[in-house]
1. Report yes if B:P63 is under 24 Å from B:P165 (Cβ atoms) and more than 12 Å from the ligand (Cβ to nearest atom), otherwise no.
2. Using beta carbons and a limit of 6 Å, which pairs, at least six apart or on different chains, have the first residue in region B:122-143 and in a strand (DSSP E or B) and the second one β-branched (V, I, T) and buried (at least 16 other Cβ atoms within 10 Å of the Cβ)?
3. Considering only residues that are of a type in the set (V, I, T) and open to solvent by less than 10 Å² (accessible area, probe 1.4 Å), which ones fall in region A:1-59?
4. Does B:G160 count as more than 14 Å from chain A (Cβ to nearest Cβ), surrounded by fewer than 19 Cβ atoms within 10 Å (Cβ to Cβ) and either in contact with a helix residue (DSSP H, G or I) (Cβ under 6 Å, 6 or more places away or on another chain) or without any contact (Cβ under 8 Å) to a residue 12 or more places away in the chain (or both)?
5. Of the conditions (1) open to solvent by 60 Å² or more (accessible area, probe 1.4 Å); (2) not in a helix (DSSP H, G or I), A:M94 clears all except one; give me its number.
6. Any idea how many residues of region B:127-141 are more than 20 Å from B:G102 (Cβ to Cβ) and open to solvent by less than 10 Å² (accessible area, probe 1.4 Å)?
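The values are calculated or read from the model by the stated rules, or taken from the named source; none is laboratory data. Predicted model, so just to flag it, every value in this text is computed and none were measured. All Cβ positions, glycine included, derive from the backbone under ideal geometry; neighbour counts span all protein chains shown. Heavy atoms of the whole protein, side chains included, go into the accessibility calculation; ligands, DNA and RNA do not. Shrake-Rupley method; radii C 1.70, N 1.55, O 1.52, S 1.80 Å.
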Amino acid sequence: MDINERIVDDFIRNEIGFVTTVPCKQLSGVIDAVEKHDQIHHVPCNHEAEGMGLCAGAFLGGTRPCIIMQNTALGVTVNSLAALIQYYQMPLPMLISYRGEVGEKVACQVEMAMHTKPILQQMNIPSYHLHKADDIEELSAILNHTFMASKPTAILADASFWSAT
Amino acid sequence: MIRSEVTKSIIPVITDELVVCNIGLPSQELFMHDDQPSNFYMLGTMGLCSSIGLGLALNQNAPVLAIDGDGSILTNFGTLATIANNPADNFTLLIIDNGSYGSTGDQPTYAGKKTSLSKVAKACGCANVIECQGEEAAEEVGKALKGNQMTIIVCKCESGNVPVPNILTHPVSIRDRFMTEVEARN
Ligand SMILES: [Mg+2]
């Protein structure tokens, strides 16, 4: 099965009904799959902090949300994660393209890659790293865990994971 | 009229509605005038009020009012494009535009200078944009909440603040009681 369709299947299995996205080259396939699925309301946003506001609203409305974004945006969402998602104890799985890891072609992406895990660790955000194609087997349990714990979680999917598909 | 008076004037039309309120003095004023479990007070994250309101409106059926400010809209300017392109007919966005960052000491915003938020909202593609004065806010908000058509109201008023209490309600309590109100309406 195509990995992007598998990701969306895992969203549905975990009752995710609202997804907001900011594009990344690595994420184009999964964004297309989200857009096509008729049980998912897809709202593209202009900025990841805005997206976290949309997800908070969706959760208040009784719908499980998810944000799909690039790790380079983590720095501009620290306040939204701390003062909105964590402060009000809301669940938010973040499917993050982990740019700047081995296989990266754009040198500047490495700069934020070096800060990605330290920021997540500093914020006590449970983080998972999808590196091989088989790691997709863990996604459904991670999503289930996110809503059980009612916390934000980071699912970092690197170039090796996306290129394996 | 200053923002606090605008807020007080709309209480009769919003007291039973789902309200998402902007961070700082706007939430504290709403809390002071009419604390309700159907109010979601923002305690952090400048700029996200309209986004939370839109996300809520898109995911359940009851009318939603987001009470935002000019400074907050300028912080998250992309929100007007997202709102325009994802219309929710149960959503009303009230921007109380006093031309200043009220909560931080009334430093002027660009909305009080050359920038027209109602024109920006229209340029973003919002179909139903109303600009009014503080005295007209209650009537316009009341109409919008009953209108079943997504409405952006830019309400112009004076800068200025009044003393207000801090909101000591725990954030999880604010969230939990609000979600109970959402469920009861759906
Ligand atoms: Mg203001």
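1. It is false that B:P63 is under 24 Å from B:P165 (Cβ atoms) and more than 12 Å from the ligand (Cβ to nearest atom).
2. Filtered contacts from region B:122-143: B:V129/B:I152; B:I130/B:I153; B:E131/B:V154.
3. Pass one, region A:1-59, residues of a type in the set (V, I, T): A:3, A:7-8, A:12, A:16, A:19-22, A:30-31, A:34, A:40, A:43.
Passing the criteria: A:I7, A:V8, A:I16, A:V19, A:T20, A:T21, A:V30, A:V34, A:V43.
4. It is false that B:G160 is more than 14 Å from chain A (Cβ to nearest Cβ), surrounded by fewer than 19 Cβ atoms within 10 Å (Cβ to Cβ) and either in contact with a helix residue (DSSP H, G or I) (Cβ under 6 Å, 6 or more places away or on another chain) or without any contact (Cβ under 8 Å) to a residue 12 or more places away in the chain (or both).
5. Here A:M94 clears every test but (1).
6. The qualifying residues number 0.
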